[in-house]
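The values are calculated or read from the model by the stated rules, or taken from the named source; none is laboratory data. Keep in mind it's a predicted model, so treat the numbers as computed, not measured. Counting neighbours? That spans all protein chains shown, and the Cβs are built from the backbone with ideal geometry, glycine included.
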Amino acid sequence: MRITAEHGDLTTTPVDAVVNAANSTLLGGGGVDGALHAAAGPTLLEECRRVRASRWHDGLPVGEAVATGAGRLPARWVIHTVGPDRRRGQTDPELLASCFRRSLEVAEEVGARSVAFPAISAGVYAWDPAEVAGVAVRTVRAASSTVSSVEEVRFVLFSPEVLRHFERALEE
Ligand code: APR
């Protein structure tokens, strides 16, 4: 599994699956969530509504992940995951690790060979980007031996500052 970090925008990243930093409602929001829905078009929200109606009636739990199509995005799938929200006292790193781990497991289930992640919880959910980078890199590295069909993981960071945290984490 190749693991890299880059400065970029998930809405234009040409991978099989992009991971959305969603909220439990799966009905959109700001940040990555808002950008992906805007770029994917209305079919993404329609699919998310169907996921809510068919399986996650009370919303997607923190740390869980679910795949939908990707509408007009270059990717084939969007894997929605809900990061821990520091503002609500959700400070357990295992919750954040679960986002990365479950997203890779879902990627393997759908057959995605390349996956792009944002810095989950490092925006609105107010986690320290350096801590997110450490949890993300450690978790993806640990999963690489079990999630064998995923060949490439790209951390796509929206700012040079966050990219630097991921580059440092990858050097460790
Ligand atoms: N591509 C890549 N990264 C992006 C993009 C983008 N287009 N837009 C924002 N980001 C970055 C942010 O700069 C931040 O570093 O993604 C990281 C995660 O930030 P958020 O999108 O705010 O996600 P999060 O902190 O997990 O909060 C999730 O915010 O947008 C709402 O509906 C969402 O309620 C949920 C909450």
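Structural remarks
- Among the residues of segment 16-44, those identified as more than 12 Å from the ligand (Cβ to nearest atom) and either farther than 28 Å from Ser149 by Cβ or not in a helix (DSSP H, G or I) (or both) are Asp16, Ala17, Gly41, Pro42.
- From Arg50, Arg76, Arg88, Arg55, residue being of a type in the set (Lys, Arg) and under 15 Å from the mean Cα position of the chain (by Cα): Arg76
- For segment 132-150, a residue qualifies if it is within 16 Å of the ligand (Cβ to nearest atom) and not aliphatic (A, V, I, L, M), and the qualifying residues are Gly134, Thr139.
- The residues on offer are Asp128, Asp85, and the sole one that is within 27 Å of Glu46 (Cβ to Cβ), charged (D, E, K, R) and within 16 Å of the ligand (Cβ to nearest atom) is Asp85.
- Filter result (charged (D, E, K, R) and in a loop (DSSP other than H, G, I, E, B)) within segment 45-65: Arg55, Asp58, Glu64
- Test: residue in segment 106-115 that is among the hydrophobic types (A, V, I, L, M, F, W, C), within 10 Å of the ligand (Cβ to nearest atom) and either in contact (Cβ under 8 Å) with a residue 24 or more places away in the chain or buried (at least 23 other Cβ atoms within 10 Å of the Cβ) (or both): no
- Scanning segment 151-160 for residues that are farther than 10 Å from Ala122 by Cβ and within 9 Å of the ligand (Cβ to nearest atom) yields one hit, Val156.
- Filter pass, Val62 being within 11 Å of the ligand (Cβ to nearest atom), in contact (Cβ under 8 Å) with a residue 12 or more places away in the chain, crowded, with 20+ Cβ neighbours inside 10 Å and of a type outside the set (S, T, N, Q): yes
- Residue pairs whose Cβ atoms lie under 7 Å apart, separated by 6 or more positions or on different chains, with the first residue in segment 22-33 and buried (at least 21 other Cβ atoms within 10 Å of the Cβ) and the second part of a helix (DSSP H, G or I), are Ala22/Asp33; Asn23/Asp33; Leu26/Cys48; Leu26/Val51; Leu26/Arg52; Val32/Leu10.
- Boolean, Val51 is modelled with pLDDT of 95 or more and closer than 25 Å to Ala142 by Cβ: no
- A count restricted to segment 104-150 and to residues that are closer than 19 Å to Ala70 by Cα and either assigned to a strand (DSSP E or B) or not small (Gly, Ala, Ser) (or both) stands at 14.
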